[in-house]
Each structure stands twice: as structure tokens, then as C-alpha cells.
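The values are calculated or read from the model by the stated rules, or taken from the named source; none is laboratory data. Quantities reported herein were computed from a predicted structural model and do not represent experimental measurements. Note that we place each Cβ from the backbone using ideal geometry, even for glycine, and neighbour counts take in every protein chain shown.
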Ligand SMILES: NC(=O)C1=CN([C@@H]2O[C@H](COP(=O)(O)OP(=O)(O)OC[C@H]3O[C@@H](n4cnc5c(N)ncnc54)[C@H](O)[C@@H]3O)[C@@H](O)[C@H]2O)C=CC1
Ligand SMILES: O=C(CO)COP(=O)(O)O
């Protein structure tokens, strides 16, 4: 296919999809979401190259048009290729879609910093908070690269499998520059994907990170066999915690009421495909976290970002003095400090404090 000679600036993104056949997109990561994003933009006509760590994955994609480890039931578009060579993956690229788990992003990007052109936009799809530094992707990316880089954040209720199946989905794409959000949102949009541009970089990222924490507890309730009332109770009260913390951190309430907030929370907590909810289900059934994570790693079930995000979420809630008893419950459970049944009993017995100030509610929390 015909390529633009130099495609590293935002101006090259103007006019897509008309120019899509001339633009190359690089996707970092060949896991479930890397494959879904690569397929989505390939369907929009871009030449896509997936950067993978594994030769057999690159070979499967290039020769058989299937990823042998993730979503292998789906035949991939012909204009989607893969390589293990970062220089080849990035040569002449117009933008990058980053689909590497958040906790691994710093070391991954540090190793890539000399290979990524400073003007190439990176669209991050990673959902989480760094366990130790509490950073989000808008901090991790420039810190790892050691320079500013145009960045945007795509988040919403988008299970990889449904994107591959080409059923209707929607998401939000945020960057500090609304013009850039609009252009990039357009590149992901198509007959089965609506992407809404936003400037709320914080809200979009916090929504995607915290919904995974609540999803673990939704899974726990299901694993304990407590019924849908209990799940709805946890998810709704969890949503309130998520919104309050996001706003305290600088996110906008309307973002939390949209696809990147409640939309993703509903999908993850109530849909059947969530890895985070699955971790919770196993914990609710009595397995310990170590056992659950070992089994998931052995069967390549993919990252459950909520596990590493939960300790960071409670530290941020403490920093901002936001009462988040459900997130604290998740943290105690993951740390093995209490069992699920006890924690839920405590939650039901906690005093009703809805008509007091946030600070009084924060001080009245039991565990922290
Ligand atoms: N799977 C889904 O439905 C969705 C996932 N996401 C987010 O996308 C991100 C990626 O998720 P998935 O693709 O589902 O995870 P996954 O576990 O299926 O794949 C992760 C990929 O990253 C690679 N990777 C991990 N550590 C690496 C490192 N240090 N260096 C190089 N490559 C590394 C793995 O080899 C794998 O290809 C997560 O933050 C997730 O929350 C967002 C929306 C939907
Ligand atoms: O973020 C997701 C969908 O929007 C995927 O959720 P899980 O990571 O829990 O599978």
C-alpha cells in the first residue's frame, strides 16, 4: 500500500479516513486488547503493525492471520501484520496505540524511548493506577520517555471480544487538546464503534482504573452466591466512591456519568467477560489471591488490572480524604487481611452516614 513519506506529526492525521490507506498505525501489545484495537483500526483501512514479544505470535498473525494465543477464533484483516522488531514496527508510523498493562508500561517505554519519534501521538488504552507511584498513564508515559509526547487516553465499555465480533461499542478518547481528541476519535470510529472526544484526561483514566476495583467485589458477591441485589448494592455504592474520588482528583462529574465511568463500570461488573470480576468470583468461592493469579497466568487469561490498582486507589482516597469503604474492603480482601464473608457482613453493619460531611464520613470508616 502507498505510504506517507514522513508521518510523525498531528497534521498527518487530518482528513482520515480518506488518507487511511496511506497511514500506518503501530499497536504495542498482542494481548486481547492489542488485537482488538489493531483489528478496529485495520477495519478502518489503516496499515497496522502489532509489536509483540513472541515470534510465534508474529508468525501466526503474518502467516495464518490469527493470533495463536489471544482471541484465536477471529480471522484478522489482511492489512494487519505483526513483528517482534520495534524499529520495523515504528518505521513511518502515524500514531501508536498502547495496549501493554499499566504496571509494565514504565520499563517497556523506557526501552523504546529512542525508537519512538517525539511527535508521534500515543493513544493509551491501559486502565489502572501504578501500585507504588500511584501514577496514571498521563504521568507514566512522559516520565518513561523522559520528554513530553502527544498523548491521548481511550477508555469505555469495550470488551475486546465484542470489538472483534464487530458488534456496536462506544468509548471516550481524551487528550488535553480537544482538536487532537477529535481527530484521533475519528480514526477509531466506524460502523460499529462510536468514539466521543473529550478533554477530561483525569476523569477518563480514573474511571477506567477504579471500575476494575469495584468489579472485583462484584465478582466476590457473585462467587459467594449472594444474589443480584448484593451485586447491585456494591456496584452502586462503589460507583459513588469512584465518582467522588475522580472529582477530588480533578476529573469531571459528567465524564463519570458517561461511557468511561458508569458505562465501563456496568459492563465490567455485570457483563460475563471481565477478568477483574472473574478474579473476584474465584476469591468469593474461597481461593486465595496467589492461587487465582497463578492459575490465570498459567492459562494466559490476561491481566486483571484491578488487583494492582486497588492498593493505589485506597492510598489516593486517603490522600484526598474521600470515604471509599468498598475500595478499602477490596484492599483488605486482596491483602488477605479478612475474608469476603466477614467484610460484607461488616459493610452491612456499618453506620448509615449519608447525611454527614465527606470528612465525617471519611473519619468514620472502620479499616484505615
Ligand atoms: N481486554 C479487554 O477487553 C480490555 C483491556 N483494556 C486494557 O488494555 C490493557 C491491556 O489489556 P489486555 O490486552 O487485555 O491484556 P493481556 O494480558 O491480554 O495482554 C497484555 C499484552 O502486553 C504484553 N506485555 C505485558 N508486559 C509486557 C512488557 N513488560 N513488555 C512488553 N509487552 C508486555 C503481553 O505480552 C501481552 O501481549 C490493560 O490495561 C487493560 O485494562 C481496556 C479495555 C478492554
Ligand atoms: O476494561 C474492560 C472493558 O472495558 C475489560 O475489563 P476486564 O479487564 O475486567 O476484562
Suppose we filter segment 16-60 for residues that are at pLDDT 95 or above, away from ligand 2 (no atom under 16 Å from the Cβ), part of a helix (DSSP H, G or I) and out of contact with any helix residue (DSSP H, G or I) (no Cβ under 8 Å at 6 or more places or on another chain); how many remain?
9
Residues of segment 298-328 being within 13 Å of ligand 1 (Cβ to nearest atom) and in contact (Cβ under 8 Å) with a residue 40 or more places away in the chain, which ones?
300, 302, 303, 304, 305, 306, 307, 308, 309
Going through segment 284-303 in order, the residues found to be closer than 16 Å to residue 334 by Cα, at pLDDT below 95 and within 15 Å of ligand 2 (Cβ to nearest atom) are 296, 303
Being outside the structural domain of residue 212 (by TED's automatic domain parsing) and more than 14 Å from the chain's Cα centre (by Cα) narrows 123, 87 down to just 87
All-but-one check, residue 174 against (1) touching a helix residue (DSSP H, G or I) at 6+ places or on another chain (Cβ under 7 Å); (2) within 16 Å of ligand 1 (Cβ to nearest atom); (3) assigned by TED's automatic domain parsing to the domain that holds residue 315, failing number (3)
Filter result for residue 10 (touching a strand residue (DSSP E or B) at 6+ places or on another chain (Cβ under 6 Å), at pLDDT below 55 and more than 16 Å from ligand 2 (Cβ to nearest atom))
no
Test residue 272 against the criterion of being surrounded by fewer than 20 Cβ atoms within 10 Å (Cβ to Cβ), in contact (Cβ under 8 Å) with a residue 12 or more places away in the chain and either within 16 Å of ligand 2 (Cβ to nearest atom) or not in a helix (DSSP H, G or I) (or both), and give yes or no.
no
Has segment 352-362 got any residue that is in contact (Cβ under 8 Å) with a residue 40 or more places away in the chain, in contact with a helix residue (DSSP H, G or I) (Cβ under 9 Å, 6 or more places away or on another chain) and within 16 Å of ligand 2 (Cβ to nearest atom)?
no
Of all residues in segment 275-303, which are under 15 Å from residue 225 (Cα atoms) and outside any helix (DSSP H, G or I)?
285, 286, 287
Within segment 304-341, residues being closer than 17 Å to residue 240 by Cα and in a loop (DSSP other than H, G, I, E, B) number 4
By my count, helices (runs of 4 or more DSSP H) wholly in segment 191-266 with at least 3 residues that are closer than 23 Å to residue 303 by Cβ, within 16 Å of ligand 1 (Cβ to nearest atom) and touching a residue at least 40 places away in the same chain (Cβ under 8 Å) are 201-223
Out of everything in segment 61-84 that is outside any loop (DSSP other than H, G, I, E, B) and in contact with a strand residue (DSSP E or B) (Cβ under 8 Å, 6 or more places away or on another chain), what residue ends up being surrounded by the fewest Cβ atoms within 10 Å (Cβ to Cβ)?
62
Residue check, residue 95 against (1) in contact (Cβ under 8 Å) with a residue 60 or more places away in the chain; (2) within 16 Å of ligand 1 (Cβ to nearest atom); (3) buried (at least 23 other Cβ atoms within 10 Å of the Cβ), all met but one. Which one?
(2)
